[in-house]
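Here is the structure we will look at, set down as structure tokens.
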Amino acid sequence: MSRLEDRREARDGLKALAGRQPVVAALDLGASKVTCFIMKPGGINREDHTLQTAGVGHVQSRGVRGGSIVNMDEATDAIAQAVERAETVAGVSVQGVAVTTSGGQLASHRVASEIPLGARPISDVDLSRAISAAVAQVRLPGRRLIHLLPITWSVDSQRGVRDPRSMFGKVLRLDLMVVSISEAMFQMLGFCVERAHLEFRGVVAAPFASGLAALEDDEMDLGCICLDMGGGSTSVAVFAGGSLVHVDSLAIGGGHVTADIARGLSTSIAGAERIKTLHGSAIASANEDREMIEAPPRGDDPGAGPVIAPRSLLKGIIAPRVEETLELLRERLRAAGAPLEPSAGVVLTGGASQLAGVREVAVRVFDRPVRLGRPRRVPHLADAASGPAFCAAAGVLQRAAFGPREAVTYKPKGGRSRSALPDAHATPLTRAAVWLRDNL
């Protein structure tokens, strides 16, 4: 753990920088890689609604499997290395990070509240009462609320109100989206970040962040399904009317496809990943029966020859797993009654979405238009960090810069921010008033 000790000593020597305006750092903790994006205070261009990252760092993930942390020491070291690389590029020291993940059994609930109004204009007090009434209905033992997102306000019969303040009416109604994660996962994430000598600034749901980075404004308004396909899990965020309306996750990802290939071809995990990247596809291709592929044998026998198989066998392994994963998500969306617009399209993000043929399989499973998403609000990113696999980290920065407004806010030392990150420790009820003050 010498790297972590060096990091702590370096931070002790940077106390003079504490008074400066802090940078924003996003940490994407996945099963295949750990990514850190850093944005300086001047990296927000409000004219064209874009961002400028100051540093990007990513390393191979360790200690994470299937969306869960399985080795605290390895996960902590991977976090420290990713942040250190981003800091070196940015030339700044990061004090805290917001972590985005699709693990921890992400789930969402919609709750509604209704309060009577008097003969005066609607004020912040009324909005705070409505938020508190909605949050009071949430009973999720063993889970931590990470997002409280107002979907819509209503004043009497007038629905779809964005800001009801100064309006008159008899009844104020609120539809609130609540996103939660398992308490154990939340605590482990915070523990790993703090062991890396960083301040833990909360958790952002990966499909939500990916949607913010990859979706156009029209897609959010008209309805869209964002599928974040990671190495250890696949998660989904549904948007409608410009708001997040549903979140779900499934502990099946690209790593399971790799494991299937390793079993089917009797090769190593590393060999299976290489074959999947170079030759893998979820749809049939021409001459695949006659085209042969070679895989390294499993084990360390120097006399063992390579495994040789037709490419059609590889497709026969990949396609069923990809189709099964997408069908499971489709059925979960139906069972949950997710408010899907008839015209809603599908946007694929995450590293596993780059596998050839995934888009075509998604079109067949969902019977909707499907496209591949990229971080559209960070145009300067290098090719190596501008693909679908980096949408979640970019989305955390976009959320910090432009919202959306929610009832969970983080107030940094030295001031408050309208586009702040979530507080990892305060209770939701105590933050309702802060949201009204800072975000409306």
Tell me, which strands (runs of 3 or more DSSP E) wholly within the stretch 146-220 include 1 or more residues that are more than 30 Å from Ala82 (Cα to Cα)?
158-161, 171-182
Which one of these does Ala284 not meet: (1) of a type outside the set (D, E, K, R); (2) part of a loop (DSSP other than H, G, I, E, B); (3) over 25 Å from Ala362 (Cβ atoms)?
(3)
Answer residue from the stretch 39-74, given it is assigned to a loop (DSSP other than H, G, I, E, B) and among the small types (Gly, Ala, Ser) and is surrounded by the fewest Cβ atoms within 10 Å (Cβ to Cβ) among those
Gly66
When only residues in the stretch 112-136 that are in contact with a strand residue (DSSP E or B) (Cβ under 8 Å, 6 or more places away or on another chain) and of a type in the set (Val, Ile, Thr) count, which is farthest from Asp175 (Cα to Cα)?
Ile122
Determine, yes or no, whether Asp124 is touching a residue at least 40 places away in the same chain (Cβ under 8 Å) and of a type in the set (D, E, K, R).
yes
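Results for (1) of a type in the set (Asp, Glu); (2) outside the structural domain of Val34 (by TED's automatic domain parsing); (3) surrounded by fewer than 17 Cβ atoms within 10 Å (Cβ to Cβ); (4) in a loop (DSSP other than H, G, I, E, B), shown as yes or no for each residue.
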residue: Thr325; (1), (2), (3), (4): no, yes, no, no
residue: Ala338; (1), (2), (3), (4): no, yes, no, yes
residue: Val347; (1), (2), (3), (4): no, yes, no, no
residue: Ala352; (1), (2), (3), (4): no, yes, no, no
residue: Phe390; (1), (2), (3), (4): no, no, no, no
Whichever residue in the stretch 145-175 is basic (Lys, Arg) and surrounded by fewer than 19 Cβ atoms within 10 Å (Cβ to Cβ) and, among such residues, is farthest from Phe186 (Cα to Cα)
Lys170
Answer residue from the stretch 23-38, given it is of a type outside the set (A, V, I, L, M) and not in a strand (DSSP E or B) and is surrounded by the fewest Cβ atoms within 10 Å (Cβ to Cβ) among those
Ser32
Among the candidates Gly280, Gly255, residue that is touching a Gly at 6+ places or on another chain (Cβ under 9 Å) and either assigned by TED's automatic domain parsing to the domain that holds Ser353 or closer than 30 Å to Leu145 by Cα (or both)
Gly255
Looking at the stretch 251-281, which of its residues are over 10 Å from Leu314 (Cβ atoms) and part of a strand (DSSP E or B)?
Thr267
Report, ordered by the first and then the second residue, all pairs with beta carbons closer than 6 Å, sequence separation of six or more or different chains, a first member in the stretch 207-233 that is outside the structural domain of Ala272 (by TED's automatic domain parsing) and among the β-branched types (Val, Ile, Thr), and a second member that is at pLDDT 95 or above and not in a helix (DSSP H, G or I).
Ile225/Val238; Ile225/Val346
For the condition in contact with a Leu (Cβ under 9 Å, 6 or more places away or on another chain), in the same structural domain as Arg334 (by TED's automatic domain parsing) and farther than 23 Å from Val358 by Cβ, what is the one hit in Ala196, Ala240?
Ala240
Is it the case, given these coordinates, that Val179 is of a type in the set (Val, Ile, Thr), in contact (Cβ under 8 Å) with a residue 40 or more places away in the chain and surrounded by fewer than 17 Cβ atoms within 10 Å (Cβ to Cβ)?
no
Looking at (1) more than 30 Å from Gln52 (Cα to Cα); (2) β-branched (Val, Ile, Thr); (3) buried (at least 20 other Cβ atoms within 10 Å of the Cβ), which is the one condition that is false for Ile283?
(3)
From Ile261, Ile269, which residue is surrounded by 21 or more Cβ atoms within 10 Å (Cβ to Cβ), aliphatic (A, V, I, L, M) and farther than 23 Å from Ala335 by Cα?
Ile261
Got at least one residue in the stretch 367-378 being part of a helix (DSSP H, G or I) and under 26 Å from Ala282 (Cβ atoms)?
no
State the number of residues belonging to the stretch 126-145 that are of a type in the set (Val, Ile, Thr) and part of a strand (DSSP E or B).
0
Test of understanding: among Leu212, Leu140, which residue is out of contact with any Ser or Thr (no Cβ under 6 Å at 6 or more places or on another chain) and not aromatic (Phe, Trp, Tyr)?
Leu212
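The values are calculated or read from the model by the stated rules, or taken from the named source; none is laboratory data. Everything numeric here is computed off the predicted structure, so don't read it as measured data. Using ideal geometry, Cβ is built from the backbone for each residue, glycine included, and neighbour counts are taken over all protein chains shown.
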